[in-house]
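*Asks:* Questions regarding the structure given below will be posed in turn.
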Amino acid sequence: MRRTPPVAVLLQPQAKPVVRAVVALIALLAAGGLAARAIVRQPQAWAALLAVSVISLRARRAAAELPRWLRWNGQALWLAKPDRDEEAAVQRSVLIDLDAWLLLRATRLAAPRVPS
């Protein structure tokens, strides 16, 4: 049986800025709806508005996903940010396979390490 050759791929998120803004807006509206419902049921729940601002900031950050390096060394998959030297071993699972488009989930197996 032949071993597969090592390969490294730069994973670029394809979401356009408009799509990222829509994702963040949906999260903000969902959090705002929950906060409004909490305030209607309990008038003292004004602290929920603080949660809405925190959730909207987190949603904006989550919607702006950075590119990653996915590297196969012949034995394991490694995932790293392009601007850092450390990488982590990952196990990938295919969530959606549409031939020209693939959605992967990478689950971390070990602590990050600096490649030698």
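*Asks:* Checking the conditions here, which among Ala30, Ala38 is in a helix (DSSP H, G or I) and surrounded by 16 or more Cβ atoms within 10 Å (Cβ to Cβ)?
*Replies:* Just a single option satisfies the conditions, and that option is Ala38.
*Asks:* Select from the range 1-23 the residues that are among the small types (Gly, Ala, Ser) and under 26 Å from Ala80 (Cβ atoms) and write down the one among them that is most open to solvent (accessible area, probe 1.4 Å).
*Replies:* Top of the filtered list is Ala8.
*Asks:* I've got another one for you. Of the conditions (1) within 28 Å of Leu109 (Cβ to Cβ); (2) modelled with pLDDT under 80; (3) open to solvent by 90 Å² or more (accessible area, probe 1.4 Å), Trp69 clears all except one; give me its number.
*Replies:* Trp69 satisfies every listed condition except (2).
*Asks:* Just checking, does the range 51-65 include any residue being closer than 21 Å to Val22 by Cβ and part of a loop (DSSP other than H, G, I, E, B)?
*Replies:* yes
*Asks:* Taking Ala48 as the residue in question, decide whether it is open to solvent by less than 30 Å² (accessible area, probe 1.4 Å) and assigned to a helix (DSSP H, G or I).
*Replies:* Yes, satisfied.
The values are calculated or read from the model by the stated rules, or taken from the named source; none is laboratory data. Keep in mind it's a predicted model, so treat the numbers as computed, not measured. All Cβ positions, glycine included, derive from the backbone under ideal geometry; neighbour counts span all protein chains shown. The protein model used for the area step is the full one, side chains on, heavy atoms only, and it has no ligands, DNA or RNA in it. Shrake-Rupley method; radii C 1.70, N 1.55, O 1.52, S 1.80 Å.
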